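J.: Input: one structure, supplied below.
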Amino acid sequence: MASKLCHYPAMGLGISSFKPNPRQLTETKPRPAVESRRNPLWRTSQQSSRAITSSQSVTQIDDENPPSSVEVQSGSANVNASVDLEATTAPKDLATLPRPLSVTDLAISPTHGSQVRVAYQGVPGAYSEAAAMKAYPHCEAVPCEQFEAAFQAVELWLVDRAVLPIENSLGGSIHRNYDLLLRHRLHIVGEVQLAVHHCLLGLPGVKKEDLKRVLSHPQALSQCEHTLSALGVIREAVDDTAGAAQYIAANNLRDTGAVASSRAAEIYGLDIVADGIQDDSDNVTRFLMLAREPIIPRIDRPFKTSIMFTLEEGPGVLFKALAVFALRNINLTKIESRPQRKRPLRVVDDSNTGAAKYFDYLFYIDFEASMADPRAQNALGHLQEFATFMRVLGSYPMDMTPMGRS
């Protein structure tokens with residue numbers, strides 16, 4: 001047991017949670033002193049090489065191919081400006097919103113210093129943007145078209161952080177994002193719990209009775225099931241809530257509404273046709289903050305740790321895995337199981353009953369303890385004795401702040 005505790009960085013919490021191959025060892029150069037990093041010329045020349053090294057060191061566990069390109073939108077535009085819309089005319093100021101960026105912008109030195117750049121999926125006015133602003137109040141929020149683009153924006157040094165919704169109190173877990181956590185090598189460095197307040201938006205002068213269809217993210221549509229059913233409208237799913245509001249404003253759709261935030265209404269010049277249309281007023285979404293490097297775990301404040309692991313098939317194996325935490329009085333806050341995409345089925349031969357097929361599961365667990373706590377170190381050392389795979393996704397401060405309305 002003691003020997004396992006000495007290999008703490010290998011469990012995913014060190015500067016690198018995996019061993020580089022010989023090619024990486026020969027290509028890696030010593031990092032310059034901190035003072036030299038402030039030189040814009042140094043940052044410009046070093047970003048491309050870091051991006052290449054980062055992409056070479058990723059271990060693919062999932063069987064999906066990574067996206068071949070990244071489309072990220074700049075967050076430098078002023079998204080707080082209101083758009084003047086006439087009742088019968090399309091808006092004219094949508095061109096002021098952030099333009100899409102590509103990986104060629106790596107040649108441009110980003111503005112760093114005290115301002116943190118945070119990538120999120122969606123367009124200005126999305127709930128993920130509100131989560132980013134809650135976690136980093138003075139950050140520059142950078143919208144991305146897809147979650148994969150937000151991950152790659154961090155890996156390619158376009159941004160410093162990424163925000164990822166992971167579960168909702170009404171809609172449950174967002175399974176696609178669990179797969180992305182395993183597929184990429186980013187570290188969880190924080191969490192944010194955001195109270196979600198849905199509004200039904202429409203063009204100025206439009207009433208509920210005028211709407212024939214409503215656009216929004218699938219999770220938002222499911223969270224407003226009762227209201228939308230009572231309206232008798234057709235529901236259409238889009239990539240994000242604010243994107244639905246942007247689409248309606250850009251195309252002057254008077255028979256179409258959007259389920260989005262009140263901030264989205266301000267940005268795109270829409271009216272709030274109905275306020276607070278979610279089925280349950282206690283609607284909370286939990287977001288994770290991701291970074292290239294882990295933070296140093298501490299014990300002077302409440303911490304949470306997230307891990308993934310797999311087990312052999314057999315009676316009581318999961319019980320033994322969970323017992324390593326119970327024996328040390330560590331509270332589990334979440335457990336999630338996902339069939340492995342690369343090996344969905346496992347065949348087990350039994351001489352008495354013949355061959356049987358089982359789903360091969362990957363388990364995701366959150367527990368309330370810092371990796372600086374000896375109890376957590378001993379628990380994971382114990383778990384490693386019979387887990388076939390284990391990875392620490394991050395040890396990070398718990399969100400203890402009041403949940404503000406989005």
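J.: So how much slack lies between residue 320 and residue 230, counting 0.36 nm per residue of separation and subtracting their Cα-Cα distance, in nm?
T.: Result: 27.6 nm gained on full extension.
J.: With every protein chain left in place and a probe of 1.4 Å, what is the accessible surface of residue 176, to the nearest 10 Å²?
T.: 80 Å²
J.: Also, quick follow-up: For segment 198-277, calculate the relative contact order in percent as a whole number, restricting contacts to Cα pairs under 8 Å that are 6 or more residues apart.
T.: Reported as a whole number, the value is 51 percent.
J.: Shifting gears a bit: Per the 1.4 Å probe, what fraction of the accessible area of segment 198-277, in percent, lies on carbon and sulfur atoms?
T.: 48 percent
J.: Excluding ligands, DNA and RNA, what is the solvent-accessible area per residue of segment 117-194 at a probe of 1.4 Å, expressed in Å²?
T.: 25 Å²
J.: How would you order 147-154, 199-206 from highest to lowest mean count of nearby Cβ atoms within 10 Å?
T.: The packing order, highest mean first, is 147-154, 199-206.
J.: According to a simple spin-label model (label point 7 Å from Cα along Cα-to-Cβ), what is the distance in nm between residue 176 and residue 338?
T.: If labels sit at residue 338 and residue 176, their model points lie 1.3 nm apart.
J.: Can I ask one more? Among 135, 153, 181, whose Cα lies farthest out toward the positive end of the dipole of segment 129-189, if unit charges sit on the beta carbon of Lys, Arg (+1) and Asp, Glu (-1)?
T.: After comparing all options, I get 181.
J.: Apply the Karplus curve 6.51 cos²θ - 1.76 cosθ + 1.60, θ = phi - 60°, to the phi angles in segment 249-264 and return the couplings in whole Hz, x for Gly and Pro.
T.: 5, 5, 9, 6, 8, 7, 9, 10, x, 9, 9, 7, 8, 5, 5, 4
J.: Choose one of 197, 251, 215: the residue whose Cα lies farthest towards the positive end of the charge dipole of segment 191-280 (beta-carbon charges +1 Lys, Arg; -1 Asp, Glu; about the Cα centre).
T.: Of the options given, the answer is 251.
J.: What is the sum of charges around residue 223, taking Lys and Arg as +1, Asp and Glu as -1, for the other residues whose C-beta is under 9 Å from the C-beta of residue 223?
T.: Around residue 223, the charge tally is -3.
J.: Over segment 135-201, what is the mean sequence separation of C-alpha contacts under 8 Å (at least six apart), divided by residue count, expressed as relative contact order in percent?
T.: Relative contact order for segment 135-201 comes out at 25 percent.
J.: Find, among the GluC sites (Glu not before Pro) in segment 240-336, those assigned to loop by DSSP (not H, G, I, E, B) with at most 15 other beta-carbon atoms within 10 angstrom.
T.: The qualifying sites are 312, 313.
The values are calculated or read from the model by the stated rules, or taken from the named source; none is laboratory data. Predicted model only: the values in this text are computed from it and were never measured. Positions of Cβ are generated from backbone atoms using ideal geometry, with glycine treated the same way; all protein chains shown enter the neighbour counts. Each accessible area value is taken on the protein alone, full model and side chains, heavy atoms only, with ligands, DNA and RNA left out. Shrake-Rupley method; radii C 1.70, N 1.55, O 1.52, S 1.80 Å.
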